Amino acid sequence: MLVKRFLNATALTCFLLSASASFAQTVGPSGEAATPSSAITLSDADLASLKDKGYKAALLWHTSSDFVNAVSAGAKDEFARAGVKVVVTTDAGFDAARQRSDIETALAAKPDVVLALPLDPVTSAEAFKQAIADHTKLVFLSNVPAGYKQGSDYAAIVTDDLFQMGKQAADALAKSIGGKGKVGWIFHDATYYVTNQRDNAFKSTIEKDYPDIKIVAQKGISDPSRAEELASAMLLQNPDLDGIYVTWAEPADGVLAALRAAGNTKTKIVTLDLAEPVGLDMAKGGNVTALVADKAYELGRTMAATGLKSLLNQATPPFIVAPALTVTKETIASGWKESLNRDAPQSILDAVK
Amino acid sequence: MSKTNPSLVPSGRSLSLLGKANLQQYVVYLGFLAIFLFFAIVLRDSGFLTVRNLSNIVLQTAPVTIMAIGLVFVLSAGEIDLSIGSIVAVSALAGAVAMNGYGITAGIAAGLCAGLLIGLVNGVLVAYVRLPSFLVTLATMGLFAGVARSLTDLRSIPVTNSAFTGFFGSGTLLGIPSLVWWTVGAICIGHIVYRHTRFGAHVLATGDNNRAASVSGISVPRIRLTVLMMSGVLASLAGLLYAGRLQAAKYTLGETDLMTVIAAVIVGGTLLNGGKGSIIGALVGSLMMGMLNNGLILMGLSVSDQMIVRGLIILAAVAVSLREKSR
């Protein structure tokens, strides 16, 4: 049932992930090779020709989070360098109907560039059509509406290396438990491209690369606030778990709480994205062994630069990828800076001193 | 909380007090006007006043308005329906699946029947098993949210039938979007039933004092059953409108609408504990919510600031509105 569910989820997406021996390459909707985000830069001449033109931009996000804040910061800084004003910022709260409303509302402000994360290929296909009709330059984050063509409909897809994030999480957990043992897999039980890809990459990496590690428990989660009870049940049925993968940092807080309540200091946790509670636990040598993050600020910068290149009628690569980053206790300070372009919280810096 | 009908204000009160009370009856309309004027001035160069943007507000709020009509009846009868968001998702998905398999008629029937049946379940449990509507609909909200998720294994279902999408969300008639026709039609029928029929009077009487209503010959259980079924059908209509507008159905549709609908209805002058309400007020409340979202986005506020300002304005509107009712 679960396998079927995930196959269905994957079928909805337009991206293809290669299944080669290394299975480390993320490729675009039509098999395009990934261009590294570092290759997307604006020259001084580009910046000069963008300034004082009165260009406007809109940021239409799927939710609000630390990750989104960092992406926004990267985009705003890049837009500011070109004198482009961000006139609208929205949060669809994972609601497809609200995302459509947000797009319509934002278009009233006549933005020249829109950076957005389409919630789902099917529901967003109709939603972005008006933006195309208005000749707005579209740059998508991590997902693309079904049937859209790069060049005529949108400038580019910019994404974190989702497969690498899941794979690096598997590698980090495997390393922390010595390459053998029993692990639990807590995945996002919803059709959401980003988490689905990362979760499945973790699972397939464990299954293919680590024959001595068995996934003995798996549970889906849709409401992060229920993570503690879910993890408690998992630990009750499998008290000898060596490690647990948690789909992202917020539910990992609940898993951590369940381990603490059970007095369990042995089971390792690996999760995705940076957040202070799990970061602090890792810094103090607790259950959390690694956090795998994307370079969120770099994603935002790249999206803005791609949109601006499109405004200048320059060719843009169809599929751009920002690298993944494994953050451990030893690299937490530098990793935080690299991912979010700001210092780690003081509590974490104090803990690793 | 006492419910004061302005017509029953003691004759000894001063004329100025009467004038003030009447003015406060229209607080939702004045509030709407004030917010509109504020955005019209502040956002005069940001596209707020364009026909396209104002039309967007009406189109975006159509499903909420339709749900709000049902909730006015439910609240006026002294009950509540927390399951409307889940009904939206189940109905949209049931309609989309049936339509893709058996055509447009089956799709519409499946969508509306889903809402009718869930409303029937809610109504029977509240009216005849005598369980509190808050708890019943809280339970069915979770129950049918789960049903919506499992119905299509979390998949989004594309809606490609152009007749359906035209009729329910994306088309126009005489140059006017179909969503506007749905809104106007539902408001007119809702208002007439609420204000000018015996059923509407019985709903209000039931919410005002159900024992007195029962003694005077009104079948209180039948009223409760009917309003919850109406709410179910109207929520399912909202689900079909979402499916037509997005040309797709997903289990998350309607998930975040409950609080918006409740706010629209309360701001629009309907009492939470029954006996008084307004269909036109609910329409204005719904448009006010849509206009707030629209204007705050166009002002360029950060998402957090939008939430704070929206919360403060709703709080102010509800405070003024409830203050009037408690006089």
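Annotations for the structure displayed:
- Residues of region B:245-294 whose accessible area (probe 1.4 Å, heavy atoms of protein chains only) drops by at least 50 Å² once all protein chains are present, relative to their chain alone: B:ARG245, B:LEU246, B:LYS250, B:THR256.
- Label point 7 Å beyond Cα of B:ASN100 along Cβ direction - residues of region B:240-264 with amide nitrogen under 12 Å: B:248-251
- A simple charge model with +1 on the Cβ of Lys and Arg, -1 on the Cβ of Asp and Glu and nothing else charged puts the dipole of region A:190-288 at about 160 debye relative to its Cα centre.
- Accessible surface of A:MET282 - all protein chains present, 1.4 Å probe, nearest 10 Å²: 0
- With θ taken as phi - 60° and the Karplus curve 6.51 cos²θ - 1.76 cosθ + 1.60 applied, the whole-hertz 3J(HN,Hα) list for region A:258-270 is 5, 5, 5, 4, 8, x, 8, 10, 8, 5, 8, 10, 10 Hz, x standing for glycine and proline.
- Residue-normalised accessible area of region B:28-326, expressed per residue, 1.4 Å probe, Å²: 39
- Accessible carbon and sulfur surface of region A:207-290 relative to its total accessible area, %, 1.4 Å: 48
- Relative contact order of chain B, taken over Cα pairs closer than 8 Å and 6 or more residues apart, is 33 percent.
- Chain B, accessible surface, carbon-and-sulfur percent (1.4 angstrom probe): 69
- Only Cα pairs under 8 Å and 6+ residues apart enter the sum, and on that basis the relative contact order of region B:189-327 stands at 20 percent.
- Chain A - percent relative contact order, Cα under 8 Å, separation 6 or more: 20
- Computed from phi, the 3J(HN,Hα) profile of region B:173-184 under the Karplus parametrisation 6.51, -1.76, 1.60 (θ = phi - 60°) reads 9, 6, x, 10, x, 4, 5, 5, 4, 4, 4, 5 Hz, with x in place of Gly and Pro.
- With Cα atoms, 0 to 90° folded angle of helix A:2-12 axis to chain A main axis: 10
- Between helix A:296-311 and chain A: long-axis angle, C-alpha atoms, 0 to 90°, nearest 10: 20
- Residue-averaged [θ]222 nm for chain B, counting only DSSP H segments that reach four residues, each worth -39500 (n - 2.57): -24000 deg cm²/dmol
- Tensor-based shape of region B:28-326 (alpha-carbon gyration tensor, a/c under 1.5 rounded, otherwise prolate or oblate): oblate
- Looking at chain A, the DSSP beta bridges with both ends there are about 10 percent antiparallel.
- Per residue of peptide B:300-306, the mean number of Cβ atoms on other chains within 10 Å of the residue Cβ is 5.
- Accessible area buried between chains A and B, both sides summed, probe 1.4 Å, in Å² to nearest 100: 2900
- Shape of region B:173-327, Cα gyration tensor, a/c cut at 1.5: oblate
- Counting, for every residue in A:191-200, the Cβ atoms of other protein chains within 10 Å of its Cβ and taking the mean gives 1.
- Taking the Cα centre of the protein assembly as shown as origin and assigning +1 to Lys and Arg Cβ atoms and -1 to Asp and Glu Cβ atoms, the resulting dipole is close to 1780 debye.
- Members of region B:140-182 that become less accessible by 40 Å² or more once partner protein chains are added (1.4 angstrom probe, chain alone as reference): B:ARG149, B:ASP153, B:LEU154, B:ARG155, B:SER156
- With contributions of -39500 (n - 2.57) from each DSSP H run of at least four residues, the per-residue ellipticity at 222 nm computed over chain A stands at -13000 deg cm²/dmol.
- Area accessible to solvent at B:LEU312, 1.4 Å probe radius, in Å²: 110
- Gyration tensor (alpha-carbon) shape descriptor, the protein assembly as shown, a/c threshold 1.5: prolate
- The charge dipole of chain B, taken about its Cα centre with unit charges on the Cβ atoms of Lys, Arg (+1), Asp and Glu (-1) only, comes to about 700 debye.
- Accessible area per residue, Å², region A:207-353 with all protein chains present, probe 1.4 Å: 41
- Lys/Arg +1, Asp/Glu -1 at C-beta; chain A dipole; positive extreme among A:THR316, A:ALA190, A:THR105: A:THR316
- Toward the positive end of the charge dipole of region B:28-326, with +1 on the Cβ of Lys and Arg and -1 on the Cβ of Asp and Glu, the farthest Cα among B:GLY31, B:ILE280, B:LEU174 is that of B:ILE280.
- Dipole of the protein assembly as shown, positive end: most advanced residue of B:VAL88, B:SER162, B:PHE199 [Cβ charges, Cα centre]: B:PHE199
- The peptide list B:66-79, A:87-100, put in order of mean Cβ contacts within 10 Å with the highest first, becomes B:66-79, A:87-100.
- Neighbouring partner chain Cβ atoms per residue of B:59-66, average, 10 Å criterion: 2
- Principal-axis tilt of helix A:227-237 within chain A, Cα atoms, nearest 10 degrees: 30
The values are calculated or read from the model by the stated rules, or taken from the named source; none is laboratory data. Just so we're clear, the structure is a prediction, and the values are computed from it rather than from any experiment. All Cβ positions, even for glycine, are placed from backbone atoms using ideal geometry, and neighbour counts span all protein chains on display. These area figures cover heavy atoms from the full protein model, side chains too; ligands, DNA and RNA do not enter into them. Shrake-Rupley method; radii C 1.70, N 1.55, O 1.52, S 1.80 Å.
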